[in-house]
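In what follows, a structure is listed as structure tokens, so that the remarks can point back to it.
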Amino acid sequence: MRTRFAPSPTGPLHLGHAYSALTAHDMALSAKGEFLLRIEDIDLTRARPEWEAAIYNDLRWLGLSWPEPVMRQSDRMPAYRATLQQLWAERLAFACSCTRRDVLDALSAPQEGAAPATGPDGLIYPGTCRANLSRTGTAPYPADTALRLSLARVAERLAGAPLVFTETGAGPEGQTGRITVSLDEAVETIGDIVLARRDLGTSYHLSVVLDDAAQGITHVVRGQDLFEATKIHVILQRLLGLPTPIYHHHRLIRDGDGKRLAKRDDARALAKYRAEGATPDDIRAMVGL
Ligand code: GLU
């Protein structure tokens, strides 16, 4: 068994991160497996070396250890680009120059006022640039624009392939066990996801799928808020011939008002509890471990 904790160094780790990291760590150790750490720093405008250093400090203080060197996504651009080129050459990805405003305008035109539907990749893309699919091929993909995945093309390509994953935790509605991913449903409820953002040259979904496979992760432990995104990850894994790990989505740690903790919740930062004299066991108790 190999699990991982994959924080983004964009703020302090809080109780929710501690719960996730400890759960992944304990799960690996009880199976005599391995716990890995990965730094998800594709967004170089938000990632900061001091937050990365704080992650190492906080996790060591909690009593966790992991093999070195730690994988950092900012070192992985060549792998992401190679996969983008492959999907482009296979005519599954297309260049998209829409801004968020363009997407919103296209979506809200017919029913004024109604909030447009969103899925696990945000607004469901109305297809404005899909005609660019005819312009894909063997030339290098355009790196100065966003690339989207044509889910309709993917559905044709993967027709008949079983898209399933095993959930050993639970989704937000208690989904657990063998979870089937319907491609037809994904076309409607997820849409043409962004594979590469114009500003980042990649995306969370593409990077996480390639990195979990590259690190041989067998069990992905993370918060329930990512349960729906797992459908995107399973689709990408099947498309790229990668194994699908077992997923374990856990409950979210909430503040006193029932709101889930965000990076901005410095009040729940581990460093703050630590400065006030809390021990790692106190943190475990606080998150119910
Ligand atoms: N980097 C992501 C986060 O901090 C983790 C994603 C994952 O575990 O798949 O939310």
Residue 46, sole failed condition from (1) closer than 24 Å to residue 202 by Cβ; (2) buried (at least 18 other Cβ atoms within 10 Å of the Cβ); (3) out of contact with any Phe, Trp or Tyr (no Cβ under 8 Å at 6 or more places or on another chain)
(2)
Being among the basic types (Lys, Arg) and in a strand (DSSP E or B) narrows 81, 148 down to just 148
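For (1) of a type in the set (A, V, I, L, M, F, W, C); (2) within 20 Å of residue 246 (Cα to Cα), each residue gets a yes or a no:
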{"site": "13", "(1), (2)": "yes, no"}
{"site": "27", "(1), (2)": "yes, yes"}
{"site": "31", "(1), (2)": "yes, yes"}
{"site": "38", "(1), (2)": "no, yes"}
{"site": "51", "(1), (2)": "yes, no"}
{"site": "57", "(1), (2)": "no, no"}
Within region 201-221, restricting to residues that are of a type in the set (Ser, Thr, Tyr) and part of a helix (DSSP H, G or I), the one that is nearest to the ligand (Cβ to nearest atom) is 204
Total residues in region 10-27, condition more than 11 Å from residue 248 (Cβ to Cβ) and either away from the ligand (no atom under 11 Å from the Cβ) or surrounded by 22 or more Cβ atoms within 10 Å (Cβ to Cβ) (or both):
12
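Any chance region 179-199 includes a residue that's within 14 Å of the ligand (Cβ to nearest atom) and part of a loop (DSSP other than H, G, I, E, B)? Reasoning before the result, please.
Taking region 179-199 as the starting set, the residues that turn out to be within 14 Å of the ligand (Cβ to nearest atom) are none.
Checked region 179-199: no residue is within 14 Å of the ligand (Cβ to nearest atom) and part of a loop (DSSP other than H, G, I, E, B).
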Is one or more of the residues making up region 97-108 open to solvent by 70 Å² or more (accessible area, probe 1.4 Å), at negative phi, touching an Asp or Glu at 6+ places or on another chain (Cβ under 8 Å) and not in a helix (DSSP H, G or I)?
no
Is it true that some residue in region 60-72 is part of a loop (DSSP other than H, G, I, E, B), under 26 Å from residue 255 (Cβ atoms) and more than 16 Å from the ligand (Cβ to nearest atom)?
yes
Every pair of residues 6+ apart whose Cβ atoms lie under 8 Å, when the first sits in region 39-65 and is closer than 16 Å to residue 6 by Cβ while the second is among the acidic types (Asp, Glu) and assigned to a loop (DSSP other than H, G, I, E, B)
47/41; 52/41
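Taking the residues in region 162-178 that are part of a loop (DSSP other than H, G, I, E, B) and open to solvent by 40 Å² or more (accessible area, probe 1.4 Å) as candidates, determine which candidate is modelled with the lowest pLDDT.
Looking only at region 162-178, we keep the residues that are part of a loop (DSSP other than H, G, I, E, B), and these are 162-163, 168-176.
Narrowing the set further to residues that are open to solvent by 40 Å² or more (accessible area, probe 1.4 Å) leaves 162, 168, 172-176.
Details: 162: 82, 168: 98, 172: 96, 173: 97, 174: 97, 175: 98, 176: 98.
Out of the qualifying residues, it is 162.
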Regarding residue 224, is this residue within 24 Å of residue 18 (Cα to Cα), among the polar types (S, T, N, Q) and either open to solvent by less than 10 Å² (accessible area, probe 1.4 Å) or within 12 Å of the ligand (Cβ to nearest atom) (or both)?
yes
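Out of all the residues in region 1-28, which are aliphatic (A, V, I, L, M), assigned to a helix (DSSP H, G or I) and touching a strand residue (DSSP E or B) at 6+ places or on another chain (Cβ under 7 Å)?
Residues of region 1-28 aliphatic (A, V, I, L, M): 1, 6, 13, 15, 18, 21-22, 24, 27-28.
Imposing the further condition that a residue be assigned to a helix (DSSP H, G or I) reduces the set to 15, 18, 21-22, 24, 27-28.
The answer is 21, 24, 27, 28.
The values are calculated or read from the model by the stated rules, or taken from the named source; none is laboratory data. Bear in mind that the values here come from a model prediction, so they are computed numbers and not experimental data. With ideal geometry, Cβ positions are generated from the backbone for all residues, glycine too; neighbour counts draw on all protein chains shown. In case anyone asks, the SASA skips ligands and DNA or RNA and just uses the protein heavy atoms, side chains included. Shrake-Rupley method; radii C 1.70, N 1.55, O 1.52, S 1.80 Å.
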